Amino acid sequence: MSKRIVIALGGNALGSTLNEQMTAVKETSKAIADLIEAGHEVVVTHGNGPQVGMINEAMGALHDIKPEKYGNMPLSVCVAMSQAYIGYDLQNALREELAGRGINKPVATVITQVVVDENDKGFKNPTKPIGRYLSDKEIAECKEAGIPIMEDAGRGVRKVVASPHPTDIVEIDAVKALIKENNVVITCGGGGIPVIKQDKHYKGVPAVIDKDFASAVLAQKLDADSLIILTAVEKAAINFGKPNQQDLDSLTIEQAEKYIDEGHFAKGSMLPKIQAALEFVKSGSGKTAIITLLEKAKAGIEGKTGTRIIS
Ligand code: ADP
Ligand code: MG
């Protein structure tokens with residue numbers, strides 16, 4: 001049965017450097033093409049943590065070299081750059097993969113603005129890790145300069161930025177029109193360019209929206225059947241990383257909420273995925289969210305693996 005599926009790609013689908021991305025998007029495109037070949041209508045979103053961190057750092061270095069010429073690049077503009085940079089590689093790789101399978105479908109990236117509330121408490125409390133893992137020296141420098149950093153799910157320390165909650169997608173009608181015309185659309189990259197609405201104007205704000213939450217809003221707006229969050233683990237787990245770790249096959253809304261309360265899912269990594277899955281599943285009947293590995297996307301949709309969140 002053909003489904004409308006929103007696919008949210010995690011960091012491992014894209015790699016962290018230019019070369020890694022060129023290679024990674026080829027494998028990623030195979031996983032996406034598997035679902036298209038199976039007859040599903042797919043819409044693709046992706047994260048941008050390492051990429052937006054890299055762009056932000058590069059633009060900061062440029063500013064340091066010639067401050068009189070190059071002002072500080074707003075973080076919202078860095079997100080826009082990351083959407084274009086990732087979308088460019090991903091749309092080309094996906095079009096080639098589809099063509100290789102004899103599937104003639106246009107693929108297009110939409111630069112997307114996502115609306116947040118200017119009073120969102122996320123602005124006061126940065127939670128979203130971006131960029132590289134920092135060395136001990138860099139950690140000390142950040143502490144000295146008062147730059148917010150955090151431990152990222154036991155893997156190292158990274159800079160953190162505000163991550164307000166998405167409420168709306170400015171270009172949603174353009175996305176719908178492209179889908180209607182048979183396009184595979186890549187949208188809401190990096191959670192979308194964060195903007196606040198000021199009358200008729202959308203103003204960029206210094207934040208990075210979690211792509212998992214933006215994907216949930218997108219999946220709701222498109223009335224998708226499934227939201228599949230592809231990441232670096234096959235299943236979400238309770239007691240993650242402990243000797244009694246237990247991988248989860250399926251979760252009801254109540255079970256998921258209980259495990260969240262018990263603190264089983266790390267902030268800034270698994271927690272937003274579970275929360276986004278819950279938001280989507282609660283938004284209508286018969287909706288399923290799946291969290292699994294990139295290369296298991298098709299098996300996940302077929303119910304063979306991954307963690308399913310159902311109402
Ligand atoms: P992505 O780039 O796909 O968004 P993240 O690093 O943000 O990936 O989140 C996925 C990571 O969350 C996993 O690789 C794992 O290290 C971590 N994680 C934290 N808590 C859990 C948990 N309870 N179950 C499984 N993975 C978890
Ligand atoms: Mg993440």
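Somewhere in region 196-212, is a residue modelled with pLDDT of 95 or more, under 19 Å from LYS287 (Cβ atoms), in contact with a strand residue (DSSP E or B) (Cβ under 8 Å, 6 or more places away or on another chain) and not aromatic (Phe, Trp, Tyr)?
Looking for residues that are modelled with pLDDT of 95 or more, under 19 Å from LYS287 (Cβ atoms), in contact with a strand residue (DSSP E or B) (Cβ under 8 Å, 6 or more places away or on another chain) and not aromatic (Phe, Trp, Tyr), one finds at least one in region 196-212, hence yes.
Residue pairs, Cβ under 6 Å, 6 or more apart or interchain, first in region 262-273 and part of a helix (DSSP H, G or I), second among the hydrophobic types (A, V, I, L, M, F, W, C) and more than 12 Å from ligand 2 (Cβ to nearest atom). List them.
So the pair list comes out as MET270/ALA236.
Give region 5-18 a look and list any residue that's more than 16 Å from ligand 2 (Cβ to nearest atom) and either open to solvent by 60 Å² or more (accessible area, probe 1.4 Å) or among the polar types (S, T, N, Q) (or both), or say none. Spell out how you get there, then give the answer.
Of region 5-18, the ones more than 16 Å from ligand 2 (Cβ to nearest atom) are 5, 17-18.
Answer for region 5-18, where residues must be more than 16 Å from ligand 2 (Cβ to nearest atom) and either open to solvent by 60 Å² or more (accessible area, probe 1.4 Å) or among the polar types (S, T, N, Q) (or both): THR17, LEU18.
Do the conditions hold for ILE229, that is, is it near ligand 1 (Cβ under 10 Å from one of its atoms), farther than 26 Å from ASN48 by Cβ and open to solvent by less than 20 Å² (accessible area, probe 1.4 Å)? Before the answer, list the steps.
Numbers: near ligand 1 (Cβ under 10 Å from one of its atoms): yes; farther than 26 Å from ASN48 by Cβ: no; open to solvent by less than 20 Å² (accessible area, probe 1.4 Å): yes.
No; evaluated as a whole, the condition is false for this residue.
To keep it simple, each residue is scored yes or no on (1) open to solvent by less than 30 Å² (accessible area, probe 1.4 Å); (2) touching a Lys or Arg at 6+ places or on another chain (Cβ under 8 Å).
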position: ILE260; (1), (2): no, no
position: PHE265; (1), (2): yes, yes
position: SER269; (1), (2): yes, no
position: ALA277; (1), (2): yes, no
position: VAL281; (1), (2): yes, yes
position: GLY286; (1), (2): no, no
position: ILE291; (1), (2): yes, yes
position: ALA297; (1), (2): yes, no
position: THR305; (1), (2): yes, yes
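Consider LYS176 against the criteria (1) modelled with pLDDT of 95 or more; (2) open to solvent by less than 60 Å² (accessible area, probe 1.4 Å): it satisfies all of them except one. Which criterion is unmet?
(2)
Name, by its number, the condition in (1) of a type in the set (A, V, I, L, M); (2) open to solvent by less than 10 Å² (accessible area, probe 1.4 Å); (3) over 22 Å from PRO206 (Cβ atoms) that does not hold for VAL52.
Unmet condition: (3).
Test ALA207 against the stated conditions and say whether it is of a type in the set (Gly, Ala, Ser) and open to solvent by 10 Å² or more (accessible area, probe 1.4 Å).
On the way: of a type in the set (Gly, Ala, Ser): yes; open to solvent by 10 Å² or more (accessible area, probe 1.4 Å): no.
Taking the combined requirement at face value, the residue does not satisfy it.
Can you name the residue in region 223-239 that is in a strand (DSSP E or B) and within 13 Å of VAL281 (Cβ to Cβ) and, of all such residues, is farthest from ligand 2 (Cβ to nearest atom)?
SER226
How many of the residues in region 236-251 are open to solvent by 50 Å² or more (accessible area, probe 1.4 Å) and either farther than 22 Å from GLY303 by Cα or of a type outside the set (Asp, Glu) (or both)? Reasoning before the result, please.
Initial filter on region 236-251 (open to solvent by 50 Å² or more (accessible area, probe 1.4 Å)): 240-247, 249-250.
If we keep only those that are either farther than 22 Å from GLY303 by Cα or of a type outside the set (Asp, Glu) (or both) too, we end up with 240-246, 250.
So the count comes out to 8.
Would you confirm whether or not region 35-53 contains a residue that is within 16 Å of ligand 1 (Cβ to nearest atom), under 30 Å from GLU118 (Cα atoms) and in a loop (DSSP other than H, G, I, E, B)? Full working, then the answer.
The initial filter retains those residues of region 35-53 that are within 16 Å of ligand 1 (Cβ to nearest atom), namely 44-53.
Add one more test, that the residue is under 30 Å from GLU118 (Cα atoms), and what stays is 44-53.
Still in the list and also in a loop (DSSP other than H, G, I, E, B): 47-48.
So far as region 35-53 goes, yes, one or more of its residues are within 16 Å of ligand 1 (Cβ to nearest atom), under 30 Å from GLU118 (Cα atoms) and in a loop (DSSP other than H, G, I, E, B).
Here is a list: GLN220, GLN255. Which entry is without any contact (Cβ under 8 Å) to a residue 60 or more places away in the chain, open to solvent by 10 Å² or more (accessible area, probe 1.4 Å), among the polar types (S, T, N, Q) and in a helix (DSSP H, G or I)? Even if it seems obvious, please write down each step before you answer.
Working: GLN220 fails: without any contact (Cβ under 8 Å) to a residue 60 or more places away in the chain.
Just one listed residue meets the conditions, GLN255.
Within region 242-262, identify whether any single residue is closer than 26 Å to ASN48 by Cβ, within 16 Å of ligand 1 (Cβ to nearest atom), modelled with pLDDT of 95 or more and charged (D, E, K, R), and answer yes or no.
No.
Looking only at region 125-137, count how many residues are farther than 9 Å from VAL161 by Cα and either of a type in the set (Val, Ile, Thr) or touching a residue at least 12 places away in the same chain (Cβ under 8 Å) (or both).
Filtering region 125-137 for residues farther than 9 Å from VAL161 by Cα gives 131-137.
Within this subset, residues satisfying the condition of being either of a type in the set (Val, Ile, Thr) or touching a residue at least 12 places away in the same chain (Cβ under 8 Å) (or both) are 131-134.
Number of matching residues: 4.
The values are calculated or read from the model by the stated rules, or taken from the named source; none is laboratory data. It should be emphasised that the depicted structure is a prediction, and the values quoted were computed from it without experimental measurement. Because the Cβ atoms are built from the backbone with ideal geometry, glycine has one as well, and the counts that use them run over all protein chains shown. Heavy atoms of the whole protein, side chains included, go into the accessibility calculation; ligands, DNA and RNA do not. Shrake-Rupley method; radii C 1.70, N 1.55, O 1.52, S 1.80 Å.
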